[in-house]
Amino acid sequence: MKARAISVAGFDPSGGAGTLADVRTFNRYGVYGAAVVTALTFQDTRKVYGVSPLHPDDVGRQMEILLSDMDFQAVKTGMLADAEIVGVVADLLKRYGVKNLVVDPVMRSTSGAVLLDDRGTEEMVRRLFPMATLVTPNVPEAEYLTGVEIGNVKDMEEAAGRILRMGPEAVLIKGGHLEGEVVDLLRVRRPDGDRVYRFVDTKLNVDVHGTGCVLASSVAALLSRGCDVITAVSLAVSDMRKALREGVVKVGRGRPVIFRPYGGNFPC
Ligand code: PLP
């Protein structure tokens, strides 16, 4: 067993998002997955009913115990709840020199619940972005982080440039629009100037719970296996599009989730 990745994120009991979805995703890429819970969420596939952040000391304790036992080749952060939790996570990542950090800057659920407050967002930008290999905002998150109103791909490129100046090596803005097509834009910092890559696809009319978690975890898994960030993002984006076509399952009464079991032969 070589590649191990850790998810530092919220616990979504429905399994569609958060730590359960992250570990399931790591496993799909052949990567061993561990998870540190930052907050309990009370939710099903319909909505988030409430959020209860853990005490920052308890988040730190879970994480330190794991980091002192196992070597992780990548870390994915998702819901971090508040500034104190962000601080504890940043301190430990720094202390243990963890590489390949993917920061999914989760701030709100689709149903509107606050998953990271404003002070927490500031702290995430200040402490985690400079350590990150990749930050993966969706369009509203990128707009909030930069103040750029995103109406087209040029705006995505501008917002991505501003996020890069906050410190990460690369940024992936997910789900921009361009005349009926959907665009994921990757901007990577290079000493001789930024490179921009656009991943364009036809827009699918699916509203799936947890896609952000699955995409960020896919990238973390591929980084932990040794892929460079451009390869990891490009494989993860194409696999996500495949998942949206073939791996969407309605498990409850609300939005469907991504679920791609391994199969196998069972007698029942
Ligand atoms: N719950 C947790 C723990 C999450 O990390 C996220 C998103 O990252 C959500 C809920 C929100 O998922 P959605 O936007 O699909 O409702």
(Q) Against the conditions (1) modelled with pLDDT of 95 or more; (2) more than 16 Å from the ligand (Cβ to nearest atom), where does C213 fall short? Just the number, please. (A) (2)
(Q) For a quick check of your reading of the model, give me the residue pairs whose first member lies in the range 8-35 and is farther than 13 Å from V102 by Cβ, whose second is part of a loop (DSSP other than H, G, I, E, B) and among the β-branched types (V, I, T), with beta-carbon atoms closer than 9 Å and at least 6 apart or on different chains. (A) G10/V106; S14/T45; S14/V251; G15/V251; G16/T45; G16/V208; G16/V251; A17/V106
Q: Just need a number here: residues in the range 148-169 that are open to solvent by 80 Å² or more (accessible area, probe 1.4 Å) and within 22 Å of A220 (Cα to Cα).
A: 2
Q: Check M124, M70, M63 and return the single one that is open to solvent by less than 10 Å² (accessible area, probe 1.4 Å) and either out of contact with any Pro (no Cβ under 8 Å at 6 or more places or on another chain) or more than 21 Å from K174 (Cα to Cα) (or both).
A: M63
Q: State all residues of the range 77-106 that are touching a Phe, Trp or Tyr at 6+ places or on another chain (Cβ under 7 Å) and either crowded, with 20+ Cβ neighbours inside 10 Å or over 21 Å from V219 (Cβ atoms) (or both); if no residue qualifies, say none.
A: V103
(Q) Looking only at the range 219-231, how many residues end up being assigned to a helix (DSSP H, G or I) and either open to solvent by 30 Å² or more (accessible area, probe 1.4 Å) or over 25 Å from R24 (Cα atoms) (or both)? (A) 2
Q: Inspect the range 249-267 for any residue being in contact with a Pro (Cβ under 7 Å, 6 or more places away or on another chain) and at negative phi and give the result as yes or no.
A: yes
Q. Would a scan of the range 218-236 turn up a residue that is free of Cβ contacts under 8 Å to residues at least 24 places away in the same chain, among the charged types (D, E, K, R) and under 26 Å from V23 (Cα atoms)?
A. yes
Q. How about the range 253-268: which of its residues are open to solvent by less than 100 Å² (accessible area, probe 1.4 Å) and more than 23 Å from the chain's Cα centre (by Cα)?
A. G263, G264
Q) S7 passes all but one of (1) in contact with a Ser or Thr (Cβ under 7 Å, 6 or more places away or on another chain); (2) more than 15 Å from the ligand (Cβ to nearest atom); (3) of a type in the set (S, T, N, Q); which number fails? A) (2)
Q | Inter-residue pairs, beta-carbon under 7 Å, first over 26 Å from C227 (Cβ atoms) and in the range 88-109, second in a strand (DSSP E or B) and within 16 Å of the ligand (Cβ to nearest atom), 6+ apart | A | M107/L116; R108/V114; S109/V48
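Here's the yes/no breakdown for (1) at pLDDT below 95; (2) out of contact with any Leu (no Cβ under 6 Å at 6 or more places or on another chain); (3) within 14 Å of the ligand (Cβ to nearest atom):
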{"position": "Y49", "(1), (2), (3)": "no, yes, yes"}
{"position": "L80", "(1), (2), (3)": "no, no, yes"}
{"position": "I85", "(1), (2), (3)": "no, yes, yes"}
{"position": "V102", "(1), (2), (3)": "no, no, yes"}
{"position": "L116", "(1), (2), (3)": "no, no, yes"}
{"position": "R119", "(1), (2), (3)": "no, yes, no"}
{"position": "R127", "(1), (2), (3)": "no, yes, no"}
{"position": "T136", "(1), (2), (3)": "no, no, yes"}
Q. Surrounded by fewer than 23 Cβ atoms within 10 Å (Cβ to Cβ), in contact (Cβ under 8 Å) with a residue 40 or more places away in the chain and not hydroxyl-bearing (S, T, Y), is that true of D184?
A. no
Q. Restricting attention to the range 50-60, which residues are touching a strand residue (DSSP E or B) at 6+ places or on another chain (Cβ under 8 Å), surrounded by fewer than 16 Cβ atoms within 10 Å (Cβ to Cβ) and either among the charged types (D, E, K, R) or in contact (Cβ under 8 Å) with a residue 24 or more places away in the chain (or both)?
A. G50
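The values are calculated or read from the model by the stated rules, or taken from the named source; none is laboratory data. Being a predicted model, the structure only gives us computed values, none of them experimental. Neighbour counts are summed over all protein chains in view; Cβ atoms, including those assigned to glycine, are modelled from backbone coordinates with ideal geometry. These accessible areas exclude ligands, DNA and RNA; they are computed on the full protein's heavy atoms, side chains included. Shrake-Rupley method; radii C 1.70, N 1.55, O 1.52, S 1.80 Å.
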